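Heads up: the structure comes next, in structure tokens.
The values are calculated or read from the model by the stated rules, or taken from the named source; none is laboratory data. Computed from a predicted model, the values in this text were never measured in an experiment. When we count neighbours, we look across all protein chains shown, and the Cβ atoms used for this are built from the backbone with ideal geometry, even at glycine. When the accessible area is computed, the model is the full protein with side chains, heavy atoms only, and any ligands, DNA or RNA have been set aside. Shrake-Rupley method; radii C 1.70, N 1.55, O 1.52, S 1.80 Å.
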Amino acid sequence: MQDGLGNSVFLGIGTTPTGDGEVLVSGSGSLLAVGGLNPSGTGSSINLSAQVGHGPGTLTIEDGAEVRSSDVLVGDRGSLFGEGGMLNSNRVRVEGGEIGKTDTVGTLDISGNLVFGQIGQSSTINVDIGGNANGSFDLINAGGDVQLTDGIARFNFVDGFAPVAGDTFTFIDGGSGNLGNVSVAITGLADGFEGHIDQNNGNFSFVSDTAGTTEADTTLFFGSGRDDVFDSGIGNDVLRGGDGNDVLNGGVGNDQYWGDDGADTFVFDLAAADDIINDFQLGTDQIDLTAWNFSGTGDFTIADNGSGGSLVTLSGTDSINVVGVNYLDLESAPDAFTGFLA
């Protein structure tokens, strides 16, 4: 992994194409030095991306441990976690991977610059919030500049904590900074809660606009104004795309969708349960049923929902309530549905 002289050295973390590779550096005095023992591993790089020949990698730095590398790339499906560790690196780039764990509160120190997100990539920063006191929510300390360019900031409210209006949680503390089009996902709070990201130079905070109420297995998604892609997973979720041509997938659970402006695609997986699209625009938006392997609209039913809209029944336990769109209009619209078998 190193030549002892600080010459160019590459460390790729990953295994087979179907497996993940993990490196844990733990404990005070523990050191992983890629590219020699100089303070930031000059000329070296760590790559956590899934690439041809191997799967993605995960690097965890915890409990006073240190990792040195000139450049760190958290690419496609890669993960960088910090729980009281130091990453001595001139630059950390998150381009298609994730930074921050989702089940523990901790601090990651980065000596250099942090660049999060790249247009066209799906990058995530996870921030656990278990209270409003320092030390009860995740924090990244960056010694250099911080750019939050694109991607999703996911704020996970844990341990039964619910914020009040005006609560502020600084999750990145850096030098100078730039905030681009970053969408927000919130888990652990009920629908009706709202918040936003605030920037002051290189400091980035999540601010509660309203009081929250705890609700497990719920995700609230607020689009960035760009073309967002969001896959929620399991739970009863509320997805708001905002401006842009968004792709929204609520996953498993009873979900509510607002595409807002733009040409939006609503994706429904198997076991989608009973979902609601509140603002479907005929001729602009689409319902993606790829996961169902349907050949056409004859494989499911479209009927009146009892209030002037449409009820699309996919199975005995799965349906889509399309509010405000007459079922005959939806049935006859040639581009309302996509994902049918050729």
Among residues of the stretch 83-97, those that are surrounded by fewer than 19 Cβ atoms within 10 Å (Cβ to Cβ) and within 18 Å of the chain's Cα centre (by Cα), counted
0
Can you give me the number of residues within the stretch 57-82 that are part of a strand (DSSP E or B), open to solvent by 20 Å² or more (accessible area, probe 1.4 Å) and more than 15 Å from LYS101 (Cβ to Cβ)?
4
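Every residue, every condition in (1) at pLDDT 90 or above; (2) of a type outside the set (D, E, K, R), yes or no:
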site	(1), (2)
SER30	yes, yes
GLY36	no, yes
ASN47	no, yes
ILE61	yes, yes
GLU83	no, no
ASP109	yes, no
GLY112	yes, yes
Can you name the residue in the stretch 208-230 that is closer than 14 Å to PHE157 by Cβ and surrounded by fewer than 16 Cβ atoms within 10 Å (Cβ to Cβ) and, of all such residues, is modelled with the lowest pLDDT?
ASP217
Where the second residue is open to solvent by 70 Å² or more (accessible area, probe 1.4 Å) and of a type in the set (A, V, I, L, M, F, W, C) and the first is more than 17 Å from TYR257 (Cβ to Cβ) and lies in the stretch 214-231, which pairs have Cβ atoms under 7 Å and are six or more apart or on separate chains?
ASP217/ILE234
Candidates PHE204, PHE193 - the one that is of a type outside the set (Val, Ile, Thr), in a strand (DSSP E or B) and in contact with a strand residue (DSSP E or B) (Cβ under 7 Å, 6 or more places away or on another chain)
PHE204
Before we move on, is GLY100 touching a residue at least 40 places away in the same chain (Cβ under 8 Å), surrounded by fewer than 24 Cβ atoms within 10 Å (Cβ to Cβ) and in contact with a Lys or Arg (Cβ under 9 Å, 6 or more places away or on another chain)?
no
Qualifying positions in the stretch 124-145 - open to solvent by 40 Å² or more (accessible area, probe 1.4 Å), touching a residue at least 24 places away in the same chain (Cβ under 8 Å) and of a type outside the set (S, T, N, Q):
GLY135, LEU139, GLY143, ASP145
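Residue check: is ASN254 in contact with a strand residue (DSSP E or B) (Cβ under 6 Å, 6 or more places away or on another chain), over 19 Å from ILE152 (Cα atoms) and not β-branched (Val, Ile, Thr)? Before you say what the answer is, go through the steps one by one.
Numbers: in contact with a strand residue (DSSP E or B) (Cβ under 6 Å, 6 or more places away or on another chain): yes; over 19 Å from ILE152 (Cα atoms): yes; not β-branched (Val, Ile, Thr): yes.
Criteria met by ASN254.
Being among the β-branched types (Val, Ile, Thr) and outside any loop (DSSP other than H, G, I, E, B) is the filter; apply it to the stretch 98-117 and report the residue that is nearest to the chain's Cα centre (by Cα). Let's see the steps before the verdict.
So the first thing to find is which residues in the stretch 98-117 are among the β-branched types (Val, Ile, Thr), and the list is 99, 102, 104-105, 107, 110, 115.
From what is left, the residues that are outside any loop (DSSP other than H, G, I, E, B) are 99, 107, 110, 115.
Values: ILE99: 10, THR107: 19, ILE110: 21, VAL115: 15 Å.
The extreme case among them is ILE99.
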Does PHE193 fit the bill of being more than 25 Å from GLY143 (Cα to Cα), touching a His at 6+ places or on another chain (Cβ under 9 Å) and buried (at least 19 other Cβ atoms within 10 Å of the Cβ)?
no
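Restricting to the stretch 301-318, what's the tally of residues that are under 19 Å from VAL252 (Cα atoms), open to solvent by less than 20 Å² (accessible area, probe 1.4 Å) and either of a type in the set (Ser, Thr, Tyr) or not in a strand (DSSP E or B) (or both)?
From the stretch 301-318, those under 19 Å from VAL252 (Cα atoms) are 311-318; that's our starting set.
Right, trim to open to solvent by less than 20 Å² (accessible area, probe 1.4 Å) and you get 312, 314, 318.
Okay, now just the ones that are also either of a type in the set (Ser, Thr, Tyr) or not in a strand (DSSP E or B) (or both), so 314, 318.
Total meeting the criteria: 2.
Quick grid of which residues meet (1) aliphatic (A, V, I, L, M); (2) under 17 Å from the mean Cα position of the chain (by Cα); (3) open to solvent by 30 Å² or more (accessible area, probe 1.4 Å):
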| site | (1), (2), (3) |
| --- | --- |
| GLN147 | no, yes, yes |
| PHE161 | no, no, yes |
| ASP167 | no, no, no |
| VAL182 | yes, yes, no |
| LEU189 | yes, yes, no |
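Does the stretch 319-340 hold any residues that are in contact with a helix residue (DSSP H, G or I) (Cβ under 8 Å, 6 or more places away or on another chain) and open to solvent by less than 80 Å² (accessible area, probe 1.4 Å), and which are they?
At the first step, the residues of the stretch 319-340 found to be in contact with a helix residue (DSSP H, G or I) (Cβ under 8 Å, 6 or more places away or on another chain) are 322, 331, 336-339.
Residues satisfying the conditions are VAL322, ALA336, PHE337, THR338, GLY339.
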